[in-house]
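*Asks:* Structure in structure tokens, see below.
The values are calculated or read from the model by the stated rules, or taken from the named source; none is laboratory data. Every value quoted in this text rests on a predicted model; they were computed, and no experiment measured them. For neighbour counting, all protein chains shown are included, and Cβ atoms are generated from backbone atoms with ideal geometry for every residue, glycine included. Accessible surface is based on the protein model in full, side chains and every heavy atom, while ligands, DNA and RNA are left aside. Shrake-Rupley method; radii C 1.70, N 1.55, O 1.52, S 1.80 Å.
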Amino acid sequence: MRTTNLKRILAAAFAAVLLARTARAAELAPSVRLRQMNEEPFSLESVKGNVVVLDFWAPWCVPCRASFPAFDALQTKYGKQGVRVLGLTLDTNDDAIIAFLNSVPVTFTILRDVSGQAGEAFNVVAMPTTFVLDKEGRVAARFEGGGTAVHAKVEAA
């Protein structure tokens, strides 16, 4: 009987978490100040009208190395249909960022936020964390971690 009650409590808690994530998913993406690698300002507002894959990454992140080629392929495959991939690092080490990008070159836009405010605004606690933003700029999905299973979910979103 205790096992049944525990299962019910766990199921209710799981459902509450799913509902909370679904409710949060309809929110507009936070407005954050970003920079391109050339230090030019970049705004997520500038890509409204596109489906945006926003990937938070770090040069020290091993799963990010696998994610970059997958996201580059996603950009190539769906770019003409209005999909934009953006890679966003919060790292401050220019040498590490450049070394990473030289070892894993991509064609999608790389962004920076050395203040870390974007990570806080999006509540990023792990690298990589990937968001899918709909054409109106709302958070449609959030994925933590890398690997082929996550990449498939991002593409399906």
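*Asks:* State, in angstrom, two size descriptors of the range 60-126 derived from its alpha carbons: Rg to one decimal place and Dmax to the nearest whole number.
*Replies:* Computed over the Cα atoms of the range 60-126, radius of gyration and Dmax are 12.6, 34 Å.
*Asks:* Provide the solvent-accessible area of THR76, counting protein heavy atoms only and rolling a 1.4 Å probe, rounded to the nearest 10 Å².
*Replies:* 100
*Asks:* All other residues with a Cβ under 15 Å from the Cβ of HIS151 taken together, and with Lys, Arg as +1 and Asp, Glu as -1, what is their net charge? Mind showing how you got there, number by number?
*Replies:* Values: positive: ARG65, LYS77, ARG142, LYS153; negative: ASP55, ASP72, GLU144, GLU155.
Value of the local net charge: 0.
*Asks:* Can you tell me which aspartates and glutamates have their Cα less than 19 Å from the Cα of LYS135? Leave out same-chain residues fewer than eight positions away.
*Replies:* GLU27, GLU45, ASP55, GLU155
*Asks:* Follow-up question, since we're still on this one. Grab the other residues whose beta carbon is less than 10 angstrom from that of TYR78, score K and R as +1, D and E as -1, and report the net.
*Replies:* Local charge sum for TYR78: +2.
*Asks:* For the range 33-145, compute Rh as the Kirkwood radius over C-alpha pairs and then the Stokes-Einstein diffusion coefficient at 20 °C and 1.002 mPa s; write the answer in µm²/s, rounded to an integer. The partial results should precede the final answer.
*Replies:* Values: Rh = 14.0 Å.
The Stokes-Einstein estimate is 153 µm²/s.
*Asks:* Sort 79-87, 38-46 by the packing proxy (mean of other Cβ within 10 Å over each peptide's residues), most packed first. All intermediate terms of the calculation are to be shown ahead of the outcome.
*Replies:* Details: 79-87: 17.1, 38-46: 11.3.
Most protected by this proxy first, the peptides run 79-87, 38-46.
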